[in-house]
Amino acid sequence: MSADSLTLCVIFDKKPSAILPAAMKLKGRTALVTGGSRGIGRAIAVALAEEGADLALNYVSSEAAAQHLAEDIRTLGRRVILARADVSDYPDTFRMAQEVLQEFGHLDILVNNAGINSDKTFIKMDHAAWRKVLAINLDGAFNCTKVFIDQMIQRNFGRVVNITSVIGQIGNFGQANYAASKAGLMAFTKSLAKELAGKGVTVNAVAPGFIETEMVGAIPEKVKQRLLDQIPLKRFGRADEVGRAVVYLVSSDGDYVTGAELSINGGLFM
Ligand code: NAP
């Protein structure tokens with residue numbers, strides 16, 4: 001311990017260990033983030049890697065972005081593998097899981113983040129737009145959880161985090177498909193949390209409000225201003241703020257939390 005640290009111990013009357021730099025919270029853990037190539041998924045992957053986790057980055061089309069991120073994360077000293085798969089396609093997801101498990105041996109942390117929207121008022125929404133959003137946002141979480149859960153149960157340890165949305169909590173004009181997928185994902189989260197609580201696996205959700213990503217970037221300026229007026233903290237959230245919420249849930253800090261939906265929304269819904 002440095003002389004400075006010892007001085008601090010005396011000043012604050014703390015045990016020396018209490019003020020040493022915190023150890024990385026996820027050292028030795030393996031994690032897969034779906035839709036980890038960009039936006040919120042990218043920030044979650046970075047946050048997990050910064051805390052020591054080895055990463056499998058799932059994406060479906062953004063190969064270059066995923067490769068670039070993998071290189072960045074490797075500079076932190078973590079192992080990273082690219083795990084391309086369309087999460088809405090069960091056989092493709094199953095193949096991806098086999099490759100990840102072959103490489104890492106096991107998976108401790110699964111973050112079901114991949115998601116899309118296809119907004120239209122219900123009158124104009126066709127069956128294809130309904131199915132596509134449900135297939136990626138909800139079936140995708142089923143598929144990915146299904147292909148990794150057995151080995152979590154066998155090892156009596158697992159952390160599953162599903163990325164829901166404030167829209168699943170309050171509904172939204174023009175987003176019946178998206179809202180339904182996210183509300184369904186939360187009900188899935190709570191049911192699984194109850195089923196797996198005795199098996200060492202926690203299952204939680206993080207519900208972002210409006211976060212500065214491409215998804216929010218696409219909202220017209222006038223609508224953005226109206227949204228900001230409704231957010232008590234008067235700003236959109238940042239993806240890294242969602243990343244840190246996920247770290248909390250999957251590290252030992254969150255060991256006593258299961259079936260929860262952690263809202264990161266600036267007070268938009270409370
Ligand atoms: P984004 O920037 O559009 O990124 C979406 C990610 O999902 C990409 O990595 C994309 O991969 C991946 N993806 C899409 N379809 C996929 C598929 N079939 N299989 C595998 N991966 C797929 O979205 P985002 O804004 O970061 O949102 C991430 C999550 O947060 C979503 O679940 C979203 O609903 C939720 N959320 C976002 C906000 C927000 O304000 N942005 C608010 C609440 C909740 P490719 O790059 O390969 O296409």
**Prompt:** DSSP loop trypsin sites (Lys or Arg not before Pro) in the range 25-118 with at most 13 other Cβ atoms within 10 Å of their Cβ, which ones?
**Reply:** Lys27
**Asked** So how tilted is helix 63-74 from the main axis of the chain? Cα-based, degrees 0 to 90, rounded to 10.
**Response** 10 degrees
**Charge sum, other residues only, whose C-beta stays under 12 Å from Ser62's C-beta, Lys/Arg counted +1 and Asp/Glu -1** = +1
**Prompt:** Which of these, Val257, Val246, Val203, has the largest mean-square fluctuation under a Gaussian network model of the chain (Cα springs below 10 Å)?
**Reply:** Val257
**Message:** Please list, ordered by chain and number, the residues whose modelled amide H lies under 5 Å from the amide H of Leu262; skip anything fewer than 5 residues away on the same chain.
**Reply:** Ala205, Val206, Ala207
**Message:** Going through the cross-link list Lys146/Lys182; Lys120/Lys194; Lys146/Lys234; Lys132/Lys199; Lys124/Lys222; Lys27/Lys132, which pairs have a Cα-Cα distance over 30 Å in this structure?
**Reply:** Lys120/Lys194; Lys146/Lys234; Lys132/Lys199; Lys27/Lys132
**Asked** List the chymotrypsin sites (Phe, Trp or Tyr not before Pro) in the range 66-164 that DSSP assigns to loop (not H, G, I, E or B) and whose Cβ has at most 16 other Cβ atoms within 10 Å. Which are they?
**Response** Phe122, Phe157
**Message:** Can you list residues from other chains, or at least 5 along the same chain, whose modelled amide H is less than 5 Å from the amide H of Ala83?
**Reply:** Leu57, Asn58, Tyr59
**Asked** Which order, highest average first, do 160-166, 176-182 follow once you tally other Cβ atoms within 10 Å for each residue and take the mean per peptide?
**Response** 160-166, 176-182
**Asked** Normalised by the number of residues in the chain, what is the relative contact order in percent for Cα pairs under 8 Å and 6+ residues apart?
**Response** 18 percent
**Asked** Where nothing but the Cβ of Lys and Arg (+1) and of Asp and Glu (-1) is charged, how large is the charge dipole of the range 28-264 around its Cα centre, in debye to the nearest 20?
**Response** 500 debye
**Asked** Helix 239-250 versus the longest principal axis of the chain: what is the Cα-based angle in degrees, 0 to 90, to the nearest 10?
**Response** 60 degrees
**Message:** With a 10 Å cut-off between alpha carbons and a GNM built on the chain, which of Asn117, Asn156, Asn204 moves the most?
**Reply:** Asn156
**Complete:** Measuring from the longest principal axis of the C-alpha atoms of the chain, the long axis of helix 140-155 (C-alpha) lies at a number of degrees, nearest 10, equal to 30 degrees
**Message:** Looking at the chain as a GNM with Cα springs under 10 Å, which of Ala187, Ala70, Ala83 has the largest mean-square fluctuation?
**Reply:** Ala187
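Bear in mind that the values in this text are calculations on the coordinates, not laboratory data. What you are looking at is a predicted structure, and each value in this text was computed from that prediction instead of being measured. Here the Cβ is made from the backbone with ideal geometry for all residues, glycine too, and neighbour counts use every protein chain on show.
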